[in-house]
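The values are calculated or read from the model by the stated rules, or taken from the named source; none is laboratory data. Computed from a predicted structure; not experimentally measured. Note: ideal-geometry Cβ built from the backbone for every residue, glycine included; neighbour counts use all protein chains shown.
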Ligand code: SF4
């Protein structure tokens with residue numbers, strides 16, 4: 001693991017880390033607005049409407065996030081815009097790399113000192129950004145570092161989009177060696193349950209996929225939105241007529257175990273959740289991704305593989321098995337490799353496409369929420385029961 005220099009932060013950083021402010025939504029940012037609203041905003045600031053397109057080209061087309069670097073704008077306009085349309089949303093608290101520089105994880109401090117994470121993963125043919133949609137998460141999955149800390153707040157549209165624009169800039173700088181320089185995929189698999197922040201996540205998807213200069217111009221097919229199974233929101237997503245990939249974090253094929261591993265299952269059961277996912281696949285023609293964290297002696301039994309195989313047989317679905325990345329001191333552990341191989345074999349025998357996810361970023365607390373959790377645990381050392389529980 002390489003620890004990169006910490007990116008300079010504002011002068012109040014030490015206090016900011018230790019002093020909790022009440023969670024509040026951030027000020028408005030250009031990325032919160034569509035192009036028409038940007039025109040209205042610059043006009044309100046006394047600038048000509050064409051500046052909206054110029055700003056959008058800088059931000060989405062050239063990945064320039066600081067208005068002071070937009071040197072074709074008059075100096076006075078730059079300072080007006082910095083205050084009104086480009087407030088600092090994300091301040092890098094730590095930035096780490098591993099996997100020979102192919103994985104970079106950034107821990108962000110938000111304006112109210114909430115913490116979130118983003119990860120950039122380079123491959124020979126693509127670069128993928130994994131972004132957070134909430135600070136913390138209210139879904140309380142017991143094996144997940146984020147879930148143990150609870151929900152702080154939803155992220156704004158711009159807080160989500162700005163993670164991607166920043167990471168696209170890192171990719172464009174060539175910092176991820178052995179990968180193409182253009183960020184091409186985004187997965188909503190960082191901190192939070194994306195569909196619990198539904199309107200903002202959908203707006204962020206539209207911003208990321210709108211052609212430049214309205215947005216970043218990514219393909220909808222290269223965006224993955226995950227969910228633990230909030231059925232009404234899944235049905236709402238069907239009606240959006242987007243062609244993003246839906247990833248369903250199932251983790252157990254039976255209600256008895258899923259009620260425990262994914263507590264929201266007590267509200268929407270496996271059959272109902274899978275029905276909604278299959279309807280999404282039917283509507284979009286997009287194969288759904290069934291996420292399944294393999295946990296030793298918990299959900300990795302051969303009979304559960306067979307049951308999952310029966311549930312998914314003949315469906316437009318793919319299983320993505322995730323070797324668990326346990327939090328330090330956790331009672332949960334990854335399944336042994338022979339058990340994992342048998343699980344894969346049984347699913348494939350049932351005719352279900354199955355892959356095992358590569359475990360990027362393990363050395364840098366790569367699973368969702370682990371870096372933020374370890375940072376908060378360090379900050380609270382000796383103080384907070386809540387944060388101490390994160391490491392359990
Ligand atoms: S696994 Fe996902 S949904 Fe569950 S608590 Fe963690 S972040 Fe939330």
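Brief remarks follow.
- Filter pass, residue 319 being away from the ligand (no atom under 16 Å from the Cβ), assigned to a strand (DSSP E or B) and in the same structural domain as residue 159 (by TED's automatic domain parsing): yes
- Test: residue 283 is more than 13 Å from the ligand (Cβ to nearest atom), under 23 Å from residue 138 (Cα atoms) and touching a helix residue (DSSP H, G or I) at 6+ places or on another chain (Cβ under 6 Å): no
- Answer from 109, 126 - the residue that is surrounded by fewer than 24 Cβ atoms within 10 Å (Cβ to Cβ), more than 19 Å from residue 173 (Cα to Cα) and not assigned by TED's automatic domain parsing to the domain that holds residue 67: 109
- Count of residues meeting criterion [touching a strand residue (DSSP E or B) at 6+ places or on another chain (Cβ under 7 Å) and either in a helix (DSSP H, G or I) or more than 9 Å from the ligand (Cβ to nearest atom) (or both)] in segment 245-257: 5
- Of everything listed in (1) at pLDDT 95 or above; (2) within 16 Å of the ligand (Cβ to nearest atom); (3) on the phi < 0 side of the Ramachandran plot, the single unmet condition for residue 190 is (1).
- Looking across 174, 229, one residue alone is outside any helix (DSSP H, G or I), within 14 Å of the ligand (Cβ to nearest atom) and more than 12 Å from the chain's Cα centre (by Cα). It is 229.
- Residue 208 meets the stated requirement of being part of a helix (DSSP H, G or I) and free of Cβ contacts under 8 Å to residues at least 60 places away in the same chain.
- Conditions (1) in a loop (DSSP other than H, G, I, E, B); (2) within 15 Å of the ligand (Cβ to nearest atom): number failed by residue 224: (1)
Residues checked against (1) in contact with a strand residue (DSSP E or B) (Cβ under 8 Å, 6 or more places away or on another chain); (2) buried (at least 18 other Cβ atoms within 10 Å of the Cβ):
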| site | (1), (2) |
| --- | --- |
| 259 | no, no |
| 269 | no, no |
| 279 | no, no |
| 289 | yes, yes |
| 293 | yes, yes |
| 304 | no, yes |
| 325 | yes, yes |
| 337 | no, no |
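- Taking the criterion of being surrounded by 15 or more Cβ atoms within 10 Å (Cβ to Cβ) and at pLDDT 90 or above, the residues of segment 79-96 that qualify are 84, 85, 86, 88, 89, 90, 91, 92, 93, 94, 95, 96.
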